[in-house]
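For reference, the structure discussed in these notes is given below.
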Amino acid sequence: MSVDVLGGIDPQGRDDSYEPTSPWWLSGTPLEAEHHRLMRRRSVPIPWAASTADQLTAPERARLAATWMRRSEAEYLAVSTFSVLAIDLVAARAPADVLSLCLRAGIDEVRHAEMCVRMAKIYSGEQNLPPPGMSYLPDDPEAPKLHQALANTMLVSCVSETYATTVLSATRELTTDPTAQAVLTAIYSDEVMHARLGWSYMRHAIETGGQGVIDAAAAMLPRALRGVANVVEAERPVGDVTPAVRTHGLMTPAEERVIFSTCVREVLVPGFQALGIPIGSALEDYGDAWANAA
Amino acid sequence: MAKHRELATVMYANTLGRSSASKIWRTVVFAGAMLVTPIGMGCGGGGGKKAETTPPATETQAPPAADNAAADEAAKKEAADKEAAAKAAEEQRLLAEKEAADKKAAEELAAKEAADKKAAEEAAAKKPRPRTQTKNRPTGRGFILS
């Protein structure tokens, strides 16, 4: 079955116009050359000089800088998320292709964090870095390793990354600034594979692990959905999302709620049901009442 | 004009995320989980175990009867054969005893190794993830949209 996932974008393609994205974040050692070789594997070239940030007001630039900085923090934490998930998958003796793609996802997140840091600099003029930190994934030593690997894959990949692809896809449609559009597209093209990784592993785990795996997935589902809902409900940086700001890749919190609700109803729940995983009260929890609560 | 804007807003709100959701359903979930194939027929699985067959038992043939004319000779021969057979049977019994003892020792060793392996696997299975954090924290991440 052939599916056009990226609409003509080659996820393995190299960007001949690559330039170091955030050189102030690098080590200053010979490692940099190899780092650039890894970062070069990018689906779309980023026209950094084409940004229209100078047409914005100061408050609009401040709003965008704050959001892109928060994005860099989230992408930076995701590096450790995929690293920890890889440990769980190794412990469960996951298939080799699942392992390689999970580890590659961590590298992708480094690239995303660098891009978001540079976007923040475009709007603020400041060379800031995301704060140090490590993400958390549940660990239950009493649970079978397969169940834990599956449950955390569901949390990270099936729910979080699938939502990310949905929201990125919707945001790209509203974004006209060429630099922001290209950055969002580059991130989106990677996130598609991060999300698909989870759905494929879930299918594999159910085929090999049976009912225990389904029970573990069902137990994780409300927790995974709540985790993303926490992000959607979180407080936002100060400043209005003006029409001009929207063209640089931002939506309002209210719009995000609608997109998450739509994603639960039309993507996540049908997917879990098709795999035989009970969905509990997901539809009620994130239905219209939740979507319109902001 | 204001009404047109209102209408556009309502229409936008009604379709917000719908086309993206539809695209992601097809390209990520449906393709990733191979939903075109029913569960149980996709990846993984394995062939059924082949039925074991038991070889048919062979019938033993009765030895031919002794000749009356050579009864004495035959009796002697029979006695000698009996003695030889008894000796062979004794040797066979000792050999079988030794084999049984060896087999039992091997089984005990295998059982011990299996028990040790199982204990090690159980210990490994209950080992927490390296560098895991004991403090419970909120989980989940999502692309920060605004």
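The values are calculated or read from the model by the stated rules, or taken from the named source; none is laboratory data. Since we're looking at a predicted model, the values are computed, not measured. Positions of Cβ are backbone-derived with ideal geometry, glycine not excepted, and every protein chain shown enters the neighbour counts. Areas reflect the complete protein model, heavy atoms only, side chains present, ligands, DNA and RNA absent. Shrake-Rupley method; radii C 1.70, N 1.55, O 1.52, S 1.80 Å.
Structure notes:
- In this structure, A:Val269 does not qualify as buried (at least 16 other Cβ atoms within 10 Å of the Cβ) and at pLDDT below 95.
- Check on A:Thr153, at pLDDT 95 or above and outside any helix (DSSP H, G or I): no
- Residue within the range A:136-147 that is at the interface with another protein chain (Cβ under 9 Å from one of its Cβ atoms), in contact (Cβ under 8 Å) with a residue 24 or more places away in the chain, in contact with a Gly (Cβ under 6 Å, 6 or more places away or on another chain) and at negative phi present: no
- Total residues in the range A:216-235, condition aliphatic (A, V, I, L, M) and either touching a Phe, Trp or Tyr at 6+ places or on another chain (Cβ under 9 Å) or free of Cβ contacts under 8 Å to residues at least 60 places away in the same chain (or both): 9
- Residues of the range A:257-294 satisfying the condition of being in a loop (DSSP other than H, G, I, E, B) and either among the aliphatic types (A, V, I, L, M) or facing chain B (nearest Cβ under 10 Å) (or both): A:Leu275, A:Gly276, A:Ile277, A:Ile279, A:Asn292, A:Ala293, A:Ala294
For every residue, the table says whether it meets (1) modelled with pLDDT of 90 or more; (2) more than 9 Å from chain B (Cβ to nearest Cβ); (3) surrounded by fewer than 21 Cβ atoms within 10 Å (Cβ to Cβ).
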| site | (1), (2), (3) |
| --- | --- |
| A:Gln181 | yes, yes, no |
| A:Thr185 | yes, yes, yes |
| A:Val192 | yes, no, no |
| A:Leu197 | yes, no, no |
| A:Ile206 | yes, no, no |
| A:Val213 | yes, yes, no |
| A:Ala219 | yes, yes, yes |
| A:Pro222 | yes, yes, yes |
| A:Val228 | yes, no, no |
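- Top-ranked residue of the range A:230-254 - restricted to ones that are assigned to a loop (DSSP other than H, G, I, E, B), open to solvent by 30 Å² or more (accessible area, probe 1.4 Å) and more than 7 Å from chain B (Cβ to nearest Cβ), ranked as modelled with the highest pLDDT: A:Thr247
- Filtered by the rule that a residue be acidic (Asp, Glu) and open to solvent by less than 60 Å² (accessible area, probe 1.4 Å), the range A:114-145 gives A:Glu114, A:Asp139.
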